[in-house]
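No value in this document is a laboratory result; all are computed from the given coordinates. Being a predicted model, the structure only gives us computed values, none of them experimental. All Cβ positions, glycine included, derive from the backbone under ideal geometry; neighbour counts span all protein chains shown.
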Amino acid sequence: METISQTVGSLALNLQVQAGEAAASEAKKLQKIFDQVYTFFQKKNVSTAMKFARDTQSGFQEVAQLASTGKLVEALAKFHATRANCTDCHKAHRENVEGNWKMKY
């Protein structure tokens, strides 16, 4: 998850400074990561988390496409909409146990 956080932060910064190609590259990294997240939850048979992962993956795919074509305002808007999936999934599938985050299945 740390890799996700760092990559999301880099993507946000690149979108803010309008570095389209760098933003597209970060969004593509996130697409690949969320494919792995999907596979993880698929093995656990957690359908809601699988949907969050797939929706997030396709959202970052769209961010990459928009950023690579210079549509940075639209890419930033899609980035924020996609990030909402992260928040919703975290609310549904993780819990704080004695100061440590644990997955809920």
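Given labels modelled 7 Å from the Cα in the Cβ direction, how far is it in nm from residue 101 to residue 45?
Each label point is offset 7 Å from its Cα along the Cβ direction, giving 2.7 nm.
Given points 7 Å out from each Cα along the Cα-Cβ axis, report the residue 22 to residue 68 separation in nanometres with one decimal.
1.9 nm
Give me 50, 103 ranked fewest to most by other Cβ atoms within 10 Å of their Cβ, as a rough exposure proxy.
Taking fewest neighbouring Cβ atoms as first place, the list is 103, 50.
I need the peptides 51-63, 87-99, 27-39 ranked by packing, meaning the mean over residues of other C-beta atoms within 10 angstrom, with the highest value on top. Display every interim value, and only then the final one.
Numbers: 51-63: 20.5, 87-99: 11.3, 27-39: 18.4.
Result, highest mean Cβ count within 10 Å first: 51-63, 27-39, 87-99.
With an 8 Å Cα cut-off and a minimum separation of 6 or more residues, compute the relative contact order for region 2-103 in percent.
Values: 118 pairs, mean separation 25.8, N = 102.
Answer for region 2-103 is 25 percent.
Do you know the Lys pair count in region 2-103 for C-alpha distances under 15 Å, with sequence separation 8 or more or different chains? Don't skip to the answer; put the middle values down first.
Working: 28/78; 43/51; 44/102; 51/91; 91/102.
For region 2-103, the number of qualifying lysine pairs is 5.
Based only on other Cβ atoms within 10 Å, what is the fewest-to-most ordering of 68, 47? It would help to have the intermediate numbers written out before the result.
Numbers: 68 16, 47 10.
The fewest-first ordering by Cβ neighbours comes to 47, 68.
On each of the three principal axes of the Cα atoms of the chain, give max minus min coordinate, whole Å, ordered largest first.
That works out to 41, 27, 18 Å along the principal axes.
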